[in-house]
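What follows is one structure encoded as structure tokens, with my remarks underneath.
The values are calculated or read from the model by the stated rules, or taken from the named source; none is laboratory data. What you are looking at is a predicted structure, and each value in this text was computed from that prediction instead of being measured. All Cβ positions, glycine included, derive from the backbone under ideal geometry; neighbour counts span all protein chains shown. These accessible areas exclude ligands, DNA and RNA; they are computed on the full protein's heavy atoms, side chains included. Shrake-Rupley method; radii C 1.70, N 1.55, O 1.52, S 1.80 Å.
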Amino acid sequence: MNTDPSQSGFPFRSPYGHFDDDGWSFRITTPRTPRPWTNVISNGSAGLIVSQAGGGYSWRENAQLNRITRWEQDLIKDEWGKFLYLRDTATGRYWSAGWKPVCAEPEHYHCVHGIGYTRIENRTDGIESHWTMFVPEKDPVEVWLVTLTNRSSVPRTLQAVTYFEWNLGAAPDWHREFHRTFIETSFDRTLNAMLATKRMWEVPSDKGHWNRDWEYTAFNGCSDTVASYDGDKESFMGMYRSERNPKAVEEGRLAQRTGNWLDAVSALQSDITLAPGESRTLVYTLGAAKDRAEAARLVKRYGTVEGASAALDGVRTMWKDLLTRFAARTPDDTVNTILQPWLQYQSIAGRLWGRTGYYQTGGAYGFRDQLQDSQIFLPLDPAQTAAQIRLHARHQFKDGTVYHWWHPLSELGHPTDMTDDLLWLPYLVGIYLDETGDLSLLKAKEPFVDEAKGATIYDHSARAIDRVLKRLSKRGIPLIGAGDWNDGLSAVGLKWKGESIWLGQFLHRILLDFAVVAERAKDAPRARKYRAAAVKLRKAVNTKGWDGKYYYGATKDNGERLGSASCRQGKVWLNTQTWAILGDVADAKRAEQVFRVVETELEGKNGTLLVKPAYSVPDREVGYLTRYAAGMRENGGVYTHAATWSVLAAAKLGKAEAALRLFSKINPVVNGFNADEYVAEPYVTPGNIEGPDSRFYGKGGWTWYSGSAAWLFKGAVEGILGVKASYDGLVVEPCIPSRWDGYTVKRTFRGAVYHITVENPARVEGGVAAVSVDGRTLKVAAGSRAVLLPVFPKGTEHQVRITMGE
């Protein structure tokens, strides 16, 4: 059994690229991928997104309210970005280091998307360029390391010219003729940098509408002597031209125009002479500093080859240290590759720190969204999960309701009638306590949006639950309001009469789990109250929410059922089947029955559909879900976030083959083998995969900015590998296909490191026959499916060997 987590060599190949040997980077071998294949790079303060062709944008703090560079969403053209032109002064020929925007045919072109960096390797006309982009571990600056090598047999003189448009504020910058009037640029010879400021920021101000300075100084520096520059799009581009053939590059002459009144850009030119075989490295810095002094500090610190190289090494070390706190090795390399590091990296860099992507240029925090994403930190750095819990508690109102989303920088949010958002706070608190045993979090105090004195995290959580308990229908089912977890059910309960069966199942889970939290907090009356409420709720859901063969989805304000066999479309919904199992609502017989419905009615070639059949006619009493084209996103597609719950439900029932099959069907590595159908990146999860009612069945989309990554990680680790935290210790409950001979896991738990080896000589799907820890045998009861490993002192390491058997 080769299950060493440090070994790799997975031979993934597609017409467009492959994973490099260690699995920590994906090498794209042509710029012509089926859709832009991107990387999101962020340290939580600064960030950039870059495609394999060189498109993308940069931001600080918030990709929507504080975009530094302009970008417009067009996944077909992918022609907005930050570009680096290279021009041979002898011949006048020019091209771009990224394929865009010139699109010259390269002799060699690779784009390597790595953990915390992207490198574009291009050889055109005998000149090789390696363009590495990254964000340092902490500082708000983007750094480019550009190495140019002359692979021809004659000396070459080149002009290297950067180019991008300044945005400086809210995006998209749709009214450019208005916004450009507030931007001022200048070139600072002492810094070798272009600077830009803006006199207006669309973020609201107490001094009136649009009456606030953009509170930063943008900069774009170069380590090499800047021979010329330009800050004006018109003089750089030339009228009626495009980035593909800009006048300044074509003529080899920049106009050096800066100041007000212009359409503000940054273009820096360096002149470089290279002998045959000679290389030169340039460093570019880009960012938005709090003031000119901070801009100067960042340019000087990172604007040298030594400073930039050291920072890149630091980024690689930081990510390695963080993401290797967990490791797993199974007989299935498609599982190994996506599990570490890509699901972890997507959740952290893309969802928690960057909060943006090519399909959705976000920037805001979603109350439910980033809380769920923060689960990824539990086996890596649980203090980060605690910080996320406290952040979200500060965006709750004293009556228990919350913002659906809010924007950092402005703190403007959307008070919501979505009825599940608030419950994710007690959910995360519960699993955080299982992970850490740290009851002190319950006593930590945070303010409410509408009350500064605030309350403890325990009280914040209880208020959320109590608010939902006050929103029950006469039948004892939670009201759906403006939607439950499924945002697309946006009109089902606007009159506060419609019900959500799924929300009842989720609330049941919360009530059971938080009753235990209440006991640990010495609040016995609340524990009794929640357990009693759970009993009533379970009975109501099982009697009022049962459709005969499965659980229906919801009722409209008029009482009409949705997700029912009586419906013409959308007859069966996924979430009410999976959460009947996960929420411990269904008894054993019903759990088996509804899971068969999942397999027979909802499972397709790319996972489980959210609803079936898709709605072909909009229903104003359901919401925008029905307005999507049939088979797209929530309307009859595989909504990946929900599909991950199918994996967990299968594992909870001990259905190992089903759990791995459902995991594999939504695993982007597996779908990437069929790249021309799937089209999305094979290294990160998509938000959705189109369903059988779509003419593009199997097409992935909405990558990076998807809550599915943390849940798919959880599905593999806790569901299939069965390694999960509990308040009393670390549980291992294997649920693997009989063809697997075992697996290994490295799991950090409460500061101790558990090296777990699971062997399956009997080729069973579950069951634990023998356990030893550090060579000492632990007693295992006959017929056990799980083992509870003790909590060990922080800083210690332990060897665990588990033999599976009946």
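Annotations for the structure displayed:
- In this entry, Gly570 is excluded by the filter for residues that are within 29 Å of Lys495 (Cα to Cα), touching a His at 6+ places or on another chain (Cβ under 7 Å) and of a type in the set (Gly, Ala, Ser).
- Pairing residues of segment 560-584 that are closer than 18 Å to Glu634 by Cα with residues that are open to solvent by 20 Å² or more (accessible area, probe 1.4 Å) and among the charged types (D, E, K, R), at Cβ distances under 6 Å and at least 6 apart in sequence or on separate chains, gives Ser564/Asp547; Val572/Glu601; Val572/Lys612.
- Arg368 vs. criteria among the charged types (D, E, K, R), in contact with a strand residue (DSSP E or B) (Cβ under 7 Å, 6 or more places away or on another chain) and in contact (Cβ under 8 Å) with a residue 12 or more places away in the chain: no
- Hey, Leu158 part of a strand (DSSP E or B), under 14 Å from Leu65 (Cα atoms) and in contact (Cβ under 8 Å) with a residue 24 or more places away in the chain or not: no
- Test for Tyr743: is it among the hydroxyl-bearing types (Ser, Thr, Tyr), at pLDDT 95 or above, buried (at least 24 other Cβ atoms within 10 Å of the Cβ) and under 20 Å from the mean Cα position of the chain (by Cα): no
- Check on Glu165, in a strand (DSSP E or B) and either more than 30 Å from Trp201 (Cβ to Cβ) or touching a Ser or Thr at 6+ places or on another chain (Cβ under 6 Å) (or both): no
- Residue satisfying all of: in segment 668-691; more than 18 Å from the chain's Cα centre (by Cα) and of a type in the set (Val, Ile, Thr); least open to solvent (accessible area, probe 1.4 Å) among these: Val679
- Looking only at segment 44-81, residues that are under 16 Å from Ser96 (Cβ atoms), under 19 Å from the mean Cα position of the chain (by Cα) and of a type in the set (A, V, I, L, M) come to 1 in all.
- Counted residues, segment 114-140 - those being more than 21 Å from Ala308 (Cα to Cα), assigned to a loop (DSSP other than H, G, I, E, B) and either of a type outside the set (Asp, Glu) or within 22 Å of the chain's Cα centre (by Cα) (or both): 1
- Assessment of segment 459-472 against the conditions (under 12 Å from Ala393 (Cα atoms) and among the hydroxyl-bearing types (Ser, Thr, Tyr)) yields at least one matching residue.
- Pair list, Cβ < 7 Å and 6+ apart or interchain, from segment 436-449 residues that are more than 19 Å from Phe377 (Cβ to Cβ) and at pLDDT 95 or above to residues that are in a loop (DSSP other than H, G, I, E, B) and open to solvent by 30 Å² or more (accessible area, probe 1.4 Å): Pro447/Arg394; Phe448/Phe397; Phe448/Lys398; Val449/Phe397
- Restricting segment 695-733 to residues that are surrounded by fewer than 21 Cβ atoms within 10 Å (Cβ to Cβ) and over 23 Å from the mean Cα position of the chain (by Cα), the residue that is nearest to Glu601 (Cα to Cα): Tyr697
- The requirement of being open to solvent by 10 Å² or more (accessible area, probe 1.4 Å), over 23 Å from Tyr754 (Cα atoms), modelled with pLDDT of 95 or more and assigned to a helix (DSSP H, G or I) is satisfied by Trp353.
- Yes/no for Gly636 being of a type in the set (Gly, Ala, Ser), within 21 Å of Trp702 (Cα to Cα), touching a Phe, Trp or Tyr at 6+ places or on another chain (Cβ under 9 Å) and open to solvent by 10 Å² or more (accessible area, probe 1.4 Å): no
- Only one of the listed residues (Thr118, Thr69, Thr89) is touching a residue at least 40 places away in the same chain (Cβ under 8 Å), β-branched (Val, Ile, Thr) and surrounded by fewer than 22 Cβ atoms within 10 Å (Cβ to Cβ). That residue is Thr89.
- The strands (runs of 3 or more DSSP E) found wholly in segment 3-100 and carrying at least 3 residues that are of a type in the set (S, T, N, Q) occupy 38-42.
- Some residue of segment 714-724 being outside any strand (DSSP E or B) and either modelled with pLDDT under 95 or of a type in the set (Lys, Arg) (or both): yes
- Output for segment 384-409, where each listed residue is free of Cβ contacts under 8 Å to residues at least 60 places away in the same chain and within 19 Å of the chain's Cα centre (by Cα): Gln384, Thr385, Ala386, Ala387, Gln388, Leu391, His392, His404, Trp405, Trp406
- Taken over segment 141-164, the criterion of being within 19 Å of Val299 (Cα to Cα), open to solvent by 10 Å² or more (accessible area, probe 1.4 Å) and either under 25 Å from the mean Cα position of the chain (by Cα) or not β-branched (Val, Ile, Thr) (or both) is satisfied by Leu145 alone.
- Candidate set: segment 753-781, residues that are assigned to a strand (DSSP E or B) and closer than 29 Å to Asp321 by Cβ; chosen: the one farthest from the chain's Cα centre (by Cα): Val773
Residues are listed down the side, and each one gets a yes or a no for (1) within 30 Å of the chain's Cα centre (by Cα); (2) under 24 Å from Val647 (Cβ atoms):
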{"residue": "Val541", "(1), (2)": "no, yes"}
{"residue": "Gly548", "(1), (2)": "no, no"}
{"residue": "Tyr551", "(1), (2)": "no, yes"}
{"residue": "Gly559", "(1), (2)": "no, no"}
{"residue": "Leu574", "(1), (2)": "yes, yes"}
{"residue": "Ala591", "(1), (2)": "no, yes"}
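- Residue list for segment 787-804, filter: buried (at least 16 other Cβ atoms within 10 Å of the Cβ) and closer than 11 Å to Val771 by Cβ: Val787, Leu789, Val800, Arg801, Ile802, Thr803, Met804
- Residues of segment 576-589 satisfying the condition of being open to solvent by 50 Å² or more (accessible area, probe 1.4 Å) and more than 31 Å from the chain's Cα centre (by Cα): Asp587, Ala588, Lys589
- Within segment 775-786, considering residues that are farther than 20 Å from Ala725 by Cα and modelled with pLDDT of 95 or more, the one most open to solvent (accessible area, probe 1.4 Å): Arg776
- Boolean, Ala482 is surrounded by 16 or more Cβ atoms within 10 Å (Cβ to Cβ), small (Gly, Ala, Ser) and out of contact with any strand residue (DSSP E or B) (no Cβ under 7 Å at 6 or more places or on another chain): no
- Scoring Tyr358 on the criteria (1) part of a loop (DSSP other than H, G, I, E, B); (2) surrounded by fewer than 22 Cβ atoms within 10 Å (Cβ to Cβ) leaves a single failure, condition (2).
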